[in-house]
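Beneath this line is the structure, given in structure tokens, with notes to follow.
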Amino acid sequence: MKCARLLYWGLLIALIAHAEGWKEPFHARQDDFNTTLLNERVKGSHISVFFPTMPYLYVSKLINGTLVRSSDNENGWEYMMATSHRKIDDLTYELTLRRGVLFQNGTPFNADSVVENFHYFMQDPVVYSDIHKRLQSVEKVDAYTIRIHLNKPYGLLFSDLTSINLYPSEYLKRYGWSTKEGSTCNSMQAPGPWGLGPYRLEKGYATGRYQTPTLELVANENYYEKGLPYIEKITVYTELTSQEAVRMALEEGTLDITPIPFNKKVETVLSKYARLVTKPSLHNISIYFNLLKPKSRLQDQKIRIALNKAINQENLLNFVYKNEGVLAPSEASPNYRSIKRAITDLPTWGQRARNTADEEKALKQTLEGLHLNVITMDRFMFLWHGIEHQLKRYGVSLEYTITPNEKVIYEQLLTNRESPKTWDILTWGNDDWSSNNPWTAFFAYRVADKWSAMDKDDVMQTYIEQFFDAEFQSESFYEIVSKIVHRAYEKAYMLAVPAPNIVLAVNKEVSYEPSSVLLMPLWKAKITKYHRSIATSTYPKEREAPLIPLRFSYD
């Protein structure tokens with residue numbers, strides 16, 4: 001199978017090169033990482049990356065420590081500052097802590113520091129889940145054991161623990177735990193030696209609705225995984241346009257890892273500097289209907305269903321996504337195990353609409369003359385060009401507000417409930433921050449939350465409370481997930497599009513495997529001796545030849 005894939009890509013690259021007029025001789029090459037990768041940290045090693053979506057969370061998971069860390073394994077988490085746990089009863093969990101660990105400022109990590117962090121957390125907690133209502137207390141059992149006490153059973157506990165950062169006492173006394181933005185996950189408010197993660201934040205910040213255009217990270221010498229990270233410094237970009245990111249990665253070779261629009265796959269394969277890397281993901285593209293906008297036609301459920309019926313997801317997947325994704329009847333990715341089970345009987349709305357010619361005629365009658373204001377990040381314009389092409393067929397016109405900056409999206413969405421905005425549709429790259437848990441998508445259905453653009457649905461709110469109660473991946477969990485998915489589907493609360501794969505341009509001299517959840521494990525990334533940050537001579541011409549794309553699987 002692997003040989004067949006390599007032959008396919010080799011032939012495809014050769015055909016593309018011939019069509020583009022490349023001179024002979026031409027060849028594609030496989031990587032030579034087995035002989036060129038550096039397996040230890042080298043002074044001066046430095047890569048640059050672009051985080052267009054939720055940079056505050058991606059950076060936080062590089063610089064901060066949590067009791068458990070996000071993972072694309074079946075549970076959605078792995079131990080980090082905790083090394084084991086036991087469930088005493090439905091309301092009590094005991095966790096054993098890692099020993100011999102220092103915060104980046106040199107102070108010890110232990111049960112006292114965990115209890116102190118949760119004390120500050122409970123004074124100003126995050127509110128995008130239900131942890132602020134269900135966490136009762138955290139107590140010290142001994143120097144390296146803590147107990148978590150709940151008010152009610154809580155299936156999201158370990159998912160939430162992946163985002164509750166642990167800071168030294170000096171940081172907490174100076175800044176507190178929260179960024180005062182309870183609607184977003186917490187992240188470090190200022191650079192300094194405050195974390196437990198593999199990197200230290202040296203310059204800049206990203207806290208959700210506020211961020212600097214660049215951040216600088218340096219390796220944490222106190223990191224508990226000895227020998228890691230392999231790369232000394234990372235520059236993080238947060239506000240590039242898609243055009244800038246593609247140019248820097250493909251044409252200049254100055255950006256080492258970046259998401260790319262799916263229609264840039266061929267250019268990436270043929271680039272002198274970048275390699276195409278893909279992997280199935282648990283990410284979602286959330287396309288909100290603004291039901292809080294006064295007198296909006298989208299408040300009519302028939303209009304929302306008609307818009308979903310007008311979307312031909314198969315064509316989007318083939319021609320816009322370039323087959324980098326999967327069909328999705330609802331907003332939540334079918335790559336979640338629970339969602340896959342829930343949608344076994346659900347076609348997309350578009351599949352239902354194309355059963356009869358009369359349905360097509362009725363769609364046009366319903367949608368003819370509809371004009372919609374769309375706000376989106378520019379990285380999704382490749383998708384919107386495909387959507388617009390399909391909607392025009394039914395007489396729908398679109399007007400765009402386009403931004404490279406996620407802060408603009410947050411400002412429009414998170415203030416929409418208190419002061420309804422004029423947009424009709426908002427597009428957000430909702431990467432899987434809840435770690436293999438569909439709460440990543442479902443939180444948009446909780447009407448009390450700033451992340452929701454819904455007005456009222458008492459049935460859905462009851463379902464969400466039951467979702468919080470259910471133990472993760474239990475039968476009751478699967479049952480309530482199915483109810484939420486079917487309710488959101490029938491109400492057509494969002495515009496459903498295929499769930500995306502991760503599609504990256506990665507520098508040819510960087511070895512990196514992406515995670516399917518919201519996590520970039522850059523502490524495991526390596527560079528070769530030819531990487532520009534440490535190379536002592538010009539880049540060898542022979543290394544400009546296209547590399548066979550690298551496609552990782554997700555189990």
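Brief remarks follow.
- For beta carbons closer than 8 Å, sequence separation of 6+ or different chains, a first residue in the stretch 59-75 that is closer than 14 Å to ASN436 by Cβ and a second that is of a type in the set (Lys, Arg), the qualifying pairs are ARG69/LYS61; SER70/LYS61; GLU74/ARG337.
- Residue match in the stretch 148-160 (condition: assigned to a loop (DSSP other than H, G, I, E, B), at pLDDT 95 or above, touching a strand residue (DSSP E or B) at 6+ places or on another chain (Cβ under 9 Å) and farther than 20 Å from ARG446 by Cα): yes
- You will find that of THR427, THR366, the residue that is β-branched (Val, Ile, Thr) and in a strand (DSSP E or B) is THR427 and no other.
Per-residue answers, yes or no, for (1) more than 25 Å from the chain's Cα centre (by Cα); (2) under 30 Å from VAL481 (Cα atoms); (3) of a type outside the set (Gly, Ala, Ser); (4) open to solvent by 10 Å² or more (accessible area, probe 1.4 Å):
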{"position": "ARG337", "(1), (2), (3), (4)": "no, yes, yes, yes"}
{"position": "THR356", "(1), (2), (3), (4)": "yes, no, yes, yes"}
{"position": "TRP384", "(1), (2), (3), (4)": "no, yes, yes, no"}
{"position": "ILE387", "(1), (2), (3), (4)": "no, yes, yes, no"}
{"position": "ARG393", "(1), (2), (3), (4)": "yes, no, yes, yes"}
{"position": "THR401", "(1), (2), (3), (4)": "no, no, yes, yes"}
{"position": "ASN405", "(1), (2), (3), (4)": "no, no, yes, yes"}
{"position": "TYR410", "(1), (2), (3), (4)": "no, yes, yes, no"}
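- Residues of the stretch 264-278 classified as over 19 Å from the mean Cα position of the chain (by Cα), within 19 Å of SER515 (Cα to Cα) and among the hydroxyl-bearing types (Ser, Thr, Tyr), total: 0
- Evaluating LEU201 against the criteria (1) modelled with pLDDT of 95 or more; (2) open to solvent by less than 40 Å² (accessible area, probe 1.4 Å); (3) out of contact with any Pro (no Cβ under 7 Å at 6 or more places or on another chain) leaves one unmet condition, (3).
- Qualifying residue in the stretch 534-548 (condition: modelled with pLDDT under 95, in contact with a Leu (Cβ under 6 Å, 6 or more places away or on another chain) and surrounded by fewer than 23 Cβ atoms within 10 Å (Cβ to Cβ)): yes
- GLU244 touching a Pro at 6+ places or on another chain (Cβ under 7 Å), open to solvent by 50 Å² or more (accessible area, probe 1.4 Å) and of a type in the set (Asp, Glu): no
- Filter result for VAL236 (part of a strand (DSSP E or B) and either of a type in the set (Asp, Glu) or surrounded by fewer than 21 Cβ atoms within 10 Å (Cβ to Cβ) (or both)): no
- Residues of the stretch 279-328 classified as closer than 21 Å to TRP451 by Cβ, open to solvent by 10 Å² or more (accessible area, probe 1.4 Å) and under 22 Å from the mean Cα position of the chain (by Cα), total: 2
- Within the stretch 339-380, the set of residues being in contact (Cβ under 8 Å) with a residue 40 or more places away in the chain and either touching a Cys at 6+ places or on another chain (Cβ under 7 Å) or under 16 Å from SER397 (Cβ atoms) (or both) comprises LEU363, THR366, LEU367, LEU370, LEU372, ASN373, VAL374, ILE375, THR376.
- When ALA143 is tested against (1) of a type in the set (A, V, I, L, M, F, W, C); (2) touching a helix residue (DSSP H, G or I) at 6+ places or on another chain (Cβ under 7 Å); (3) open to solvent by less than 10 Å² (accessible area, probe 1.4 Å), exactly one condition is not met: (3).
- Listed by first and then second residue, the pairs linking a residue in the stretch 153-174 that is in contact (Cβ under 8 Å) with a residue 60 or more places away in the chain to a residue that is among the acidic types (Asp, Glu), with Cβ atoms under 7 Å apart and 6 or more places separating them unless they lie on different chains, are PRO153/ASP90; PRO153/ASP469; TYR154/ASP130; GLY155/ASP469; GLY155/GLU471; LEU156/ASP130; SER169/GLU116.
- Filter result for SER187 (assigned to a loop (DSSP other than H, G, I, E, B), of a type in the set (S, T, N, Q) and farther than 30 Å from ASP424 by Cα): yes
- For the stretch 35-75, a tally of residues being over 21 Å from LEU150 (Cα atoms) and either within 20 Å of the chain's Cα centre (by Cα) or part of a strand (DSSP E or B) (or both) returns 26.
- Among the criteria (1) open to solvent by 10 Å² or more (accessible area, probe 1.4 Å); (2) touching a residue at least 40 places away in the same chain (Cβ under 8 Å); (3) out of contact with any helix residue (DSSP H, G or I) (no Cβ under 7 Å at 6 or more places or on another chain), the one GLU331 does not fulfil is (3).
- Applying the condition of being surrounded by fewer than 15 Cβ atoms within 10 Å (Cβ to Cβ) and either touching a residue at least 60 places away in the same chain (Cβ under 8 Å) or of a type in the set (Ser, Thr, Tyr) (or both) to the stretch 78-106 and asking which residue is farthest from VAL218 (Cα to Cα) yields ASP90.
- Number of the exception - LEU372 against (1) in a strand (DSSP E or B); (2) of a type in the set (A, V, I, L, M); (3) open to solvent by 10 Å² or more (accessible area, probe 1.4 Å); (4) out of contact with any helix residue (DSSP H, G or I) (no Cβ under 7 Å at 6 or more places or on another chain): (3)
- Residue list for the stretch 436-483, filter: open to solvent by less than 60 Å² (accessible area, probe 1.4 Å), in contact (Cβ under 8 Å) with a residue 60 or more places away in the chain and assigned to a helix (DSSP H, G or I): TRP439, THR440, ALA441, PHE442, PHE443, ALA444, PHE467, PHE468, PHE477, TYR478, VAL481, SER482
The values are calculated or read from the model by the stated rules, or taken from the named source; none is laboratory data. Remember, it's a predicted structure, so these values are computed and weren't measured experimentally. Cβ: placed from backbone, ideal geometry, glycine included. Neighbour counts: every protein chain shown. Surface accessibility is based on the protein's heavy atoms, side chains included, excluding ligands, DNA and RNA. Shrake-Rupley method; radii C 1.70, N 1.55, O 1.52, S 1.80 Å.
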